[in-house]
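This report concerns only the one structure given below.
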Amino acid sequence: MVTVTNPAVVRPEDDSLVVSAEAVLALADILEEPGKNDDQAESSSISSDSQSELEDANVTQKEITIMFHRKCLTYLSALISCACAGSIMLFSLYAPQFQTHLGYTQVQVNILSILGEAGMYLTTPLVGIVADVYGSALLSLTSAILFFIAYGLAAWTYAGAGTLPFFSMMASFLLIGGATACMYFGSITASAKTFTSNRGLALGFPITAYGLSSLWETQVVSAFFTDKDTNEVQVSQLFTFFAVFLGLVGLIACVGFYFGYQDDSYVSRDGHRRKPQSPVVHEEERPLLLEENPTMLSVNEDDVELREDDNENFKHEGITRKQMVIEFVSDPSSWGFAFGLFTTTGPGEMFLNNMGSIIRSFGSNGPSIATNVSVLSFFSVTMRISAGALSDYLTKQEKSISRVYFLIFFAGILSISQLFLALGGLEFYSGQFFWIVSACVGSGYGAIFTLAPTIVSIVWGADRFGTNWGVLFVFPAVGSIVYELLYAGIYDFHSESGRLCYGISCYQITFFITGASGLLAMATFALVYRLFWKRAGIDV
């Protein structure tokens, strides 16, 4: 029985066979970046001893190529899933028809939106653990089943025009949110664990694809599911389409993940994190916060043991899933980071889901809802990939710029755009420049959802990414619930007969509050970086 003092670090000299296996992974990472120069290749942690071991293990170029192709299959599955998973972001397109067709109040409409967000975000701690333990294939299969049931029930409820109770629509959107979480979270977790050389890009592309999904789906709705005479969405037909289409996408992704690359670091079913005996770890793969601050580990050193698995040549690290979560939430910086997400993504979700009613408050001459959803989606997509790529590039320069500063910048864009809306400048033009606010909110919202998971994977480690990001993902949901209830309450207070509202009074107070929240988030992100990560020497 061997006792170790820091479970985040395992010595590479313990077992030569595993060194060889890890050398193959390192070589595969080099193949992923054919443009690396010699100095970069030397930094990949492959020593001459490892290369000789590689030859001894008879690892061929064919095997390396197969591994690389399996990684590509995993990544392609992630991109396809994310490119189709954003149907929940179309809520504002058809939400007003819940009021006119089904007779729901704004509070009831927002309850549906909140349930969708709750299903997507509040389930992520469990979804993250499932991703770490069982892999992304199971999550994709689950999403296929849930999407089929949820959208099928929603189509039936809407077609019934009030014959089914409000509860049935509530259940539908709760399941839609859960299905979205499974499809999206399984994809980005697989991406984070498959390609670690350029983590901003590795996460940026699937997250960008998720933002892109609402853009192309909006165009599909406009082309095929909109009544040309009334210009209203054919909601029942749209829900039926999503039930079948997203069910098939989930099944296809399940097959891709099952036959794709399986990461070497995962959590076993008995509750312990399993890892190769002696990994050759890339610099970015280390959990930096724990490595720089070993005293922050909440696990008793005497209780941390390595146990051999003769069949699979693996060793257990004595850290249960519960202890992983305890370690994470006992770190003060995680709470500050979570609060920043609460006060930025919460207002962003609220704006996205209520854009339809906000635009309708301008009257019959207001801007197009579909156009503004497309604008928001376009800028969200653009910033998701641009923020990831640019932050990767600038953090590697001699005078690097931290990803946290990018996060603060985009939180500022989000805040300023909402304060501009609250000040009422758009009222003088019947909302014809509303697209500027949509573009700014899309940019800030999209960039934050690329930068935040990238920072999490660097600060707390890629091997725990699913669990840690799953815990943090709860806070956007709570923020969404809080800010959407705020919006709905103010809207209904100023509405006519508790249904439709017109004028700046419908939303002005709400966006003064959300704008101030964004400014508070900027200060919080700066304090977390200065007081914790920078002092610990963490290069985020």
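The values are calculated or read from the model by the stated rules, or taken from the named source; none is laboratory data. Please read these numbers as outputs of a predicted model, since none were measured by experiment. Neighbour counts are summed over all protein chains in view; Cβ atoms, including those assigned to glycine, are modelled from backbone coordinates with ideal geometry. Just the protein is used for accessible areas: all its heavy atoms, side chains included, with ligands, DNA and RNA removed. Shrake-Rupley method; radii C 1.70, N 1.55, O 1.52, S 1.80 Å.
In loop segments of the range 480-540 as defined by DSSP, the trypsin sites (Lys or Arg not before Pro) with at most 12 further C-beta atoms inside 10 Å of their C-beta are R535. For T226, the residues 5 or more places off, or on other chains, whose built amide H falls under 5 Å of its own are Q234.
Solvent exposure of the range 496-540, expressed per residue, is 50 Å² of accessible area, with all protein chains present and a 1.4 angstrom probe. Summing Lys and Arg as +1 and Asp and Glu as -1 over all other residues whose Cβ lies under 14 Å from the Cβ of S517 gives a net charge of -2.
Sequentially through the range 469-478, phi angles give Karplus couplings (6.51, -1.76, 1.60; θ = phi - 60°) of 5, x, 5, 5, 5, 5, 5, x, 5, 4 Hz, Gly and Pro residues having no value and appearing as x. Pairs exceeding 19 Å between alpha-carbon atoms, taken from K322/K534; K71/K322; K396/K534: K322/K534; K71/K322.
Each label was represented as a point 7 Å from its Cα along the Cα-to-Cβ direction; for F433 and H69 these points are 5.6 nm apart. Between S368 and V244, the simple spin-label model (points 7 angstrom out along Cα→Cβ) gives 2.7 nm.
Relative protection proxy for 510-520, 433-443, 323-333, 226-236, from highest mean packing down: 433-443, 510-520, 323-333, 226-236 (other beta-carbon atoms within 10 angstrom). 3J(HN,Hα) couplings calculated from phi for the range 331-343 with the Karplus curve 6.51 cos²θ - 1.76 cosθ + 1.60 (θ = phi - 60°) are, in sequence order, 8, x, 5, 5, 6, x, 5, 5, 5, x, 5, 4, 8 Hz; Gly and Pro show x. Using Cα centres only, tell me the gap between the range 443-493 and the range 60-92 in whole Å. Each part reduced to its Cα centre gives a spacing of 23 Å.
Just so you know, the Cα atoms of the range 49-170 work out to an Rg and Dmax of 22.2, 73 Å. Computed from backbone phi, the HN-Hα couplings of the range 112-120 come to 4, 4, 5, 5, x, 5, 5, x, 7 Hz, rounded to whole numbers (Karplus: 6.51 cos²θ - 1.76 cosθ + 1.60, θ = phi - 60°; Gly and Pro given as x). Surface analysis of the range 317-424 yields an accessible area of 35 Å² per residue, using protein heavy atoms and a 1.4 Å probe.
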